[in-house]
1. Count, please, the residues in the range 235-292 that happen to be touching a residue at least 60 places away in the same chain (Cβ under 8 Å) and over 18 Å from E310 (Cα atoms).
2. Identify, by number, the condition in (1) of a type outside the set (F, W, Y); (2) closer than 21 Å to A25 by Cβ; (3) modelled with pLDDT of 90 or more that V198 doesn't meet.
3. Of the conditions (1) hydrophobic (A, V, I, L, M, F, W, C); (2) assigned to a strand (DSSP E or B); (3) open to solvent by less than 70 Å² (accessible area, probe 1.4 Å), A89 clears all except one; give me its number.
4. Only one of T69, T32, T60 is under 18 Å from Y189 (Cβ atoms), at pLDDT 95 or above and of a type in the set (S, T, N, Q). Can you tell me which?
5. In the range 25-36, which residue that is touching a residue at least 24 places away in the same chain (Cβ under 8 Å) and out of contact with any helix residue (DSSP H, G or I) (no Cβ under 7 Å at 6 or more places or on another chain) is surrounded by the fewest Cβ atoms within 10 Å (Cβ to Cβ)?
6. Which residues, taken from the range 104-137, are open to solvent by 10 Å² or more (accessible area, probe 1.4 Å), of a type in the set (A, V, I, L, M, F, W, C) and under 12 Å from the mean Cα position of the chain (by Cα)?
7. Of the residues that make up the range 323-342, is at least one in contact with a strand residue (DSSP E or B) (Cβ under 9 Å, 6 or more places away or on another chain), at pLDDT below 85 and open to solvent by 40 Å² or more (accessible area, probe 1.4 Å)?
8. Against the definition (open to solvent by less than 70 Å² (accessible area, probe 1.4 Å), out of contact with any strand residue (DSSP E or B) (no Cβ under 7 Å at 6 or more places or on another chain), at pLDDT 80 or above and not in a helix (DSSP H, G or I)), how does G267 come out, yes or no?
Amino acid sequence: MTPRSLPKSPAPHRVVALLQPPQSAFLLACATEVFGDHGPAIPARYAFEVCAEHPGPVRTEAGYDLLVTAGLDALERADTVLVPGWQQAPGTEVPPAVVAAVRGAHRRGARIVGICSGAFVLAAAGLLDGRRAATHWARAAELAARFPQVRVDPAVLYVDHGDVATSAGSAACVDLCLHLVSTDQGAAYAMRIARQMVMPPHREGCQLQYAELPTSGPVADTLAPLLEWLAGRLDQPVSVAEMAVRSQVSARTLTRRFTEQLGISPGRWLLDRRIAATRALLEETDLPVETIARRVGLSSAVNLRRRFHEALRTTPAAYRRAFRADKAPPGDEPAERTTWRTERA
């Protein structure tokens, strides 16, 4: 009787991170924590390695060098190619050899993942043409300007198209990587990794809640008086028609000036200011949401919650918990929870 052979374990999914000096040590470490070795408590299902266009010492933003021994040929054996950030001087092109290697890996069937500014490499390779993409909120405008064919979404934590994926900056690397693990290996396996990392397997909200509070910025003299007038009346309802009367122009002319000088409509500008004021009051005061709603001209707590969620994909209560060291006072509002769905195309 011939003994039956034991079933073979599936080959580990090979993740290759493409590095570029100055390399973000944090982004690389986040990817390593998710796809690297977790010890005997969690079965190894990934093999993680790094490569660079020019093997050798790779300088990091943290001030130390990494010794990278593999070159771009490592991408030829990757199941997933990960670009954990890509720091170059503004306007600098991604090297042709890198573009060719990334395109070749994608053509072969590898999944290509851009973390934070790593999205610039995917865009340079043409893998994001006509597609939604994420990057750090501070670089979203630059990505959109350099690659107008990419539909940059500055709000989401990540976007996954299956064959390509992109994420926002820093900690959003963990969000996307855990999502990819869940897609590859199942939610239970991803949960085990998240627990070992002492991380939630899924975060609330979107990256815009972490962006700096918006300001009007420099504007032409034609709009400056109106914007100053509006800023002092956030607690009052103001229509576009009233803005036009104040500026002594037609509503159509006023809208055109806003679009040309600020890139948004008058109504959108005013709502952005109301949301910014709401964020500041949530961070700096213990005022109930109903009171904040009246102060910023959003009339009611119900309307404020709806507008706030539309803008930041989270609730006022969750935002206050995240950005205040002390807890909101009892009776402020009922506990709220929100689930930010996976952004898949």
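1. 3
2. (3) is the only condition that V198 fails.
3. (2)
4. Going through T69, T32, T60 in turn, just one is under 18 Å from Y189 (Cβ atoms), at pLDDT 95 or above and of a type in the set (S, T, N, Q): T32.
5. A25
6. C116, W137
7. Checking the range 323-342: at least one residue is in contact with a strand residue (DSSP E or B) (Cβ under 9 Å, 6 or more places away or on another chain), at pLDDT below 85 and open to solvent by 40 Å² or more (accessible area, probe 1.4 Å).
8. Taking the combined requirement at face value, the residue does not satisfy it.
The values are calculated or read from the model by the stated rules, or taken from the named source; none is laboratory data. Worth saying up front: this structure is predicted, and the values here are computed from it rather than measured. Reconstructed Cβ throughout: ideal geometry from the backbone, glycine too, with neighbour counts over all protein chains shown. Heavy atoms of the whole protein, side chains included, go into the accessibility calculation; ligands, DNA and RNA do not. Shrake-Rupley method; radii C 1.70, N 1.55, O 1.52, S 1.80 Å.
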